[in-house]
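Trainee: Structure in structure tokens, see below.
Each reported figure results from applying straightforward, stated rules to the coordinates on display, with no laboratory input. What you see is a predicted model, and the numbers here were worked out from it, not measured in a lab. Cβ placement follows ideal geometry from the backbone for every residue including glycine, while neighbour counts extend to all protein chains displayed.
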Amino acid sequence: MFDRAYIPYGGYYSSPFCRWQGQLANENAITLAAATAKRWFSSKQIDPTIVDYIYYGMTVAQNRMFYSHNWVGGLIMDNKKNVPGLFVHQACTTSTTCIHLAAVHVEQGIYTTGFALMSDRCSNGPHLIWPNPMGPGGEVISENWNMDNFNNDPWGGMKMIQTAENVAKEIGATKEECDAVAYRRYEQYQDALANDRAFQKKYMFPVEVKISKKKVITVAEDEGVMATTREGLAALKPVEPNGVHTFGAQTHPADGNCGFIVTTREKAKSLSKDPKVEVKIISYGFARVGKARMAAAPVPAAEMALANAGLTVKDLKAIKTHNPFAVNDINMAKKMGFDVMWMNNYGSSMIYGHPQGPTAGRLIAELIEEVAMLGGGYGMFAGCAAGDTGAALIVKVG
């Protein structure tokens, strides 16, 4: 439970998310995040040197990753202030943890203002060679950073999609249910595009991509969202034998970045785009469930966050989830007692993609804006992460 940690209203951004091997495929995620954050600070007329500490979250290795958490600070501050940083990798809940860590340190008075910056580039992922001197003839061990880990948890022993199918079997979810949720999520995303993307423009900030030495393009909208129909979903075959998830009922890898200022109430008010609106961080929850049950992990994390805040689901104005598979939402709704079609208004990672590090951050930005549009109240984010873990964060918009 937090009393002193706030996010300025509008003190956050997310880039568009681009499907892997798309327009962001050749950008180093570290330098692109820093450049985008620097432009965002400038656009808000906020001096980045207000930041005392940076949490940099990333999950897919990039060139010069060793220095990433301090490198981004140098690039953002442009030699005006020396700000230390911490590198955070917690797979798909990286953003939640970065924001939580900043909130903890503001709460404890360690400093006044933290900045959580998260980015990833699933495109052109590393292909690694590990020494293996005891192997036959010293034959090396190779690792494809993305695909090998998508397809095999060394502890759980299964593909990520198989962990979702395990949960689907446990709760009796059907392909028809998963298809219905997938179509509803697509409809909700379309609401975010209404009125010339009015909702997305509340938090989305464009990225600049160098095409050549002389040409820079601006990417202002998501890339790779697939047109979806009920009939199209029904016609797709499950990916796994006897499974319930098709390619239409799961997310896709993507590229992008996002950032959050976390600070005191007084500082948040001075930085807010509307001083009458407060965004208070209320509580955090975490969980790890049994082997190969990743899709079930958001529920105990959400229950912890609610218990820490002294709240129930009925107290929430909105829920956003990282839902790499449709069964994530079906499981949560069934176990926590609400309508699965109510959650995830205006979009979710199932539809616009999953860059991993920044995914939860974008969802939290959307959560804040949705609750503000509803007149204020409590909102909750919850999501799963590789290794059968989950995390949740509750905010109050007042």
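Trainee: For region 1-143, rounded, prolate or oblate, judged on the Cα gyration tensor with a ≥ b ≥ c (square roots of eigenvalues), a/c < 1.5 rounded, else prolate if a/b > b/c?
Mentor: Details: a/c = 2.18, a/b = 1.73, b/c = 1.26.
The shape class here is prolate.
Trainee: To continue, here is another question. Once you charge only the Cβ atoms, +1 for Lys and Arg and -1 for Asp and Glu, what is the size of the charge dipole of the chain about its Cα centre, to the nearest 20 debye?
Mentor: Values: 39 positive and 37 negative charges, 182 e Å.
Computed charge dipole of the chain: roughly 880 debye.
Trainee: How do Ser212, Ser43 rank when sorted from fewest to most other Cβ atoms within 10 Å of their own Cβ? All intermediate terms of the calculation are to be shown ahead of the outcome.
Mentor: Working: Ser212 6, Ser43 11.
Least to most surrounded, the residues fall as Ser212, Ser43.
Trainee: Ranked highest first by the average count of other Cβ atoms within 10 Å around their residues, in what order do 272-281, 95-104 fall? Don't jump to the answer; show the numbers that get you there.
Mentor: On the way: 272-281: 16.9, 95-104: 26.4.
Going from most to least packed, we get 95-104, 272-281.
Trainee: If you average the alpha carbon positions of region 254-270 and of region 166-191, how far apart do those two centres end up, in angstrom?
Mentor: 32
Trainee: Looking at the square roots a ≥ b ≥ c of the eigenvalues of the Cα gyration tensor of region 216-313, which shape do they give, rounded for a/c under 1.5, prolate if a/b is larger than b/c, or oblate? Could you put the intermediate results ahead of the total?
Mentor: On the way: a/c = 2.75, a/b = 1.39, b/c = 1.98.
Because a/c hits 1.5 or more and a/b fails to exceed b/c, region 216-313 counts as oblate.
Trainee: Looking at the square roots a ≥ b ≥ c of the eigenvalues of the Cα gyration tensor of the chain, which shape do they give, rounded for a/c under 1.5, prolate if a/b is larger than b/c, or oblate? Could the numbers behind the result be given before it?
Mentor: Values: a/c = 1.43, a/b = 1.12, b/c = 1.28.
Rounded, because the longest to shortest axis ratio a/c is under 1.5.
Trainee: For a 19 Å ceiling on Cα separation, which of these pairs sit above it: Lys169/Lys237; Lys44/Lys213; Lys267/Lys320; Lys38/Lys276; Lys169/Lys335; Lys291/Lys320? Present the calculation step by step, with values, prior to reporting the outcome.
Mentor: Numbers: Lys169/Lys237 17 Å; Lys44/Lys213 28 Å; Lys267/Lys320 27 Å; Lys38/Lys276 26 Å; Lys169/Lys335 14 Å; Lys291/Lys320 25 Å.
Exceeds cut-off: Lys44/Lys213; Lys267/Lys320; Lys38/Lys276; Lys291/Lys320.
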